[in-house]
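In what follows, a single structure is set out as structure tokens and then discussed.
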């Protein structure tokens, strides 16, 4: 009996002790809680990154509809509906314009809904896999832009040479020669088909390096030197080609340099940070500086038809020299390409750095199809 009483007393003391280990404090449960939190962050970050890219693409589509197809746009649609405290329009929108406004409004919501459904359907997909997907999309944009400036630059310099030397009428006739001297005609019937061709080439050719674009700039400058000092020949289109390709190199290489961490850093602390602290720094910098910068460029430059990017694109603006390259409006479009490629690349960068914070394996590609 004494032995049984002693065991009973010890059992009661153990049950009343404050040192009892709660199930939630067990190592296995803690790991499960951590994994659950990591999966939640994974889903939220993926939804955010893809939503930024999707909304940006919808914005570009709606920008085209607003500026070139005379759709109302969200500000006019909201004002017509009296939403968000906006002043009502003096002239209400027509019924078809209201319908178009609803389509534009729902396109943004639909883009986010599609992103959420995609992320939920691929909930086991790793952050690094999606970062790689977005990075490859950004690389495609830059490849396409490279082929555009290469092919259009060569085509336009040939056209300008034939025009300035008065060879064009003998080749294609007076009427077509006059037409090709108009910016709108050349853009629609020469530049736009070449842009489509460039998009196709960029889809199949993935071997492009930016050293080639730098080499083209050197060649363009070299031909000016040779023609000027050897043949005493110089025309405005020769200098335009150098500026055309150099501007492309400067703006298009930004996203490429970001993914390779090649931008010049002037810092005292960052180089001494641990990998985790670097990931935190880059994550916060992406959210507060990188993505907002790209959004501001697109928002300010493409808000309406008179904005700094839309206006030259809409009017097919060219240089004052009638025999120069007709590519000034394309050079203004470089800013949009820069902003788009940087937004996509920064979204990829965000996913990559959050993956570093949660120590996701760098070769984690096993869940791509789940």
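Laboratory data are not the source of any read-out in this text; all were calculated from the coordinates shown. What you see is a predicted model; the values in this text were computed from it and never measured. Virtual Cβ from ideal backbone geometry, glycine too; neighbours counted across all protein chains shown.
The convex hull defined by the C-alpha atoms of segment 25-123 has an orientation-averaged projected area of 8.9 nm². When you work out D = kT/(6 pi eta Rh) for segment 119-261 at 10 °C and 1.306 mPa s, using the Kirkwood radius from C-alpha pairs as Rh and the Stokes-Einstein form, the result is 90 µm²/s. The relative contact order of segment 126-370 comes to 36 percent, based on Cα pairs under 8 Å that sit 6 or more residues apart.
Kirkwood-type hydrodynamic radius, segment 211-305: 17.0 Å, calculated from all non-identical alpha-carbon pairs.
Shown for segment 126-370 is the translational diffusion coefficient from the Stokes-Einstein equation, using the Kirkwood radius over Cα pairs, a temperature of 4 °C and a viscosity of 1.567 mPa s: 64 µm²/s.
Among 268-278, 104-114, 235-245, 310-320, sorting by the average number of other beta carbon atoms lying within 10 angstrom of each residue, highest first, gives 235-245, 310-320, 104-114, 268-278. Hydrodynamic estimate: the Kirkwood radius of segment 115-189 over Cα pairs, inserted into Stokes-Einstein at 37 °C and 0.692 mPa s, corresponds to D of 204 µm²/s. The distance separating the Cα centre of segment 316-363 from that of segment 49-74 comes to 17 Å.
Using a Förster distance of 35 angstrom, determine the FRET efficiency expected from the C-beta separation of residue 103 and residue 196, and round it to 0.05. With R0 = 35 Å, the Cβ-Cβ based efficiency is 0.85.
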